[in-house]
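First comes the structure, then the notes that go with it.
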Amino acid sequence: MTETTAAVRPDARPVGSDVPRDESVLQVRDLDVHYGRGRRRRQVLHGVSLTVGPGETLGLIGETGSGKSTFGRAVLGLAPASSGRIVVSGEEVTAYGRRQWRTLRRRGVLQSVFQDPLRSLDPDLTVADSLVEPLVLQGVPRAEALTRARSDLARVRLEDDLLDRLPGEISGGQRQRVAVARALVTDPSAIILDEPVSALDAANRVQVLRILQELRSAGVALVFISHDLGSVAGIADRIAVLYQGRLVEEGPARTVVTSPQHVYTRLLVRSAPTLRGGAADRAERAELRALLGA
Ligand SMILES: Nc1ncnc2c1ncn2[C@@H]1O[C@H](COP(=O)(O)OP(=O)(O)OP(=O)(O)O)[C@@H](O)[C@H]1O
């Protein structure tokens, strides 16, 4: 599927089709990903094309196993692209080897936050060391790195007194906010957020979603991966829908929610009672599922 135009927020720079190609922070073209070898080789992504402009928030949704995380991992160099093209901030990275990917990740141009913050945070490093480490690796003096870390901690509404604690000594919600602060310290062009609120209770979910809203307003580009259309719809400029490894729909968030085109997107919208047009009755959902052969 080809990229479509993006919704332009009044508080953001122009995005989507208004962004010249070389200004996009992330450009993915015809991405195929296979896992396994020989008879076990299986294609998980089929020709996925997506572009994220500066300051834009792209919501990537789909059911479990549809390939959302694989997409996020591929653009971070953590899953193998078997064909297609990946360009990060104008840098052609498709053919990068392991070491080049590691260097790119270390530069912090693209950052990531996962569902389980312990995947983003080293359990043996204090919050301060976790935040300072990416900057020190870039050669930033520790004192300056700590000043920047404190400022990013404030951006996620955490107090300085957490700095000396280990990830195991703070709550799950605080850990996820530390993971977001860690992603921010390198001043990335974009952050890939893979189910960032799915493991949180309702209060923490709302708080992290609010923080993501603020980052979006401040112009940080986000790729928000989730199975939950309800969480994504309130933040995303554009929504892309993956179904069985294929992009089946993409468009401005409002359009996707109010007039979904693909039968699977209709099912997602109908299954999200908080969305306008949602709350289909059980029979209607069953009918849509039958259409999908689920
Ligand atoms: N390292 C791997 N090796 C082999 N198969 C994998 C690997 N990682 C994922 N898969 C398979 O690829 C498919 C897509 O997985 P992926 O995690 O990308 O889906 P997802 O949409 O993110 O699902 P979820 O919402 O459950 O996280 C699944 O069938 C999964 O079992």
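Please treat every number below as a calculation from the coordinates, not as lab data. All values derive from a computational prediction rather than experimental measurement.
Just a few scattered comments:
- For the residues Arg105, Arg42, Arg85, a GNM of the chain with alpha-carbon springs under 10 Å puts the largest fluctuation on Arg42.
- Axis of helix 142-155 versus longest Cα principal axis of the chain: the two differ by about 40°, to the nearest ten degrees.
- Our compactness index for the chain, the C-alpha radius of gyration over the empirical 2.2 N^0.38 Å, is 1.00.
- log10 of Debye I(q)/I(0), alpha-carbon scatterers only, for segment 166-266 at 0.12, 0.14, 0.23 Å⁻¹: -0.44, -0.59, -1.26
- With Cα atoms, 0 to 90° folded angle of helix 202-217 axis to the chain main axis: 80 degrees
- In order along segment 105-121, phi translates into HN-Hα couplings of 5, 5, 5, x, 5, 10, 10, 9, 9, 9, 4, 9, x, 5, 6, 8, 10 Hz, rounded to whole numbers, per the Karplus curve 6.51 cos²θ - 1.76 cosθ + 1.60 with θ = phi - 60° and x for Gly and Pro.
- Among Ser112, Ser226, Ser171: highest mean-square fluctuation, GNM of the chain, C-alpha pairs under 10 Å: Ser171
- For the options Gln138, Gln115, Gln207, a Gaussian network treatment of the chain with springs between C-alpha atoms closer than 10 Å singles out Gln138 as fluctuating the most.
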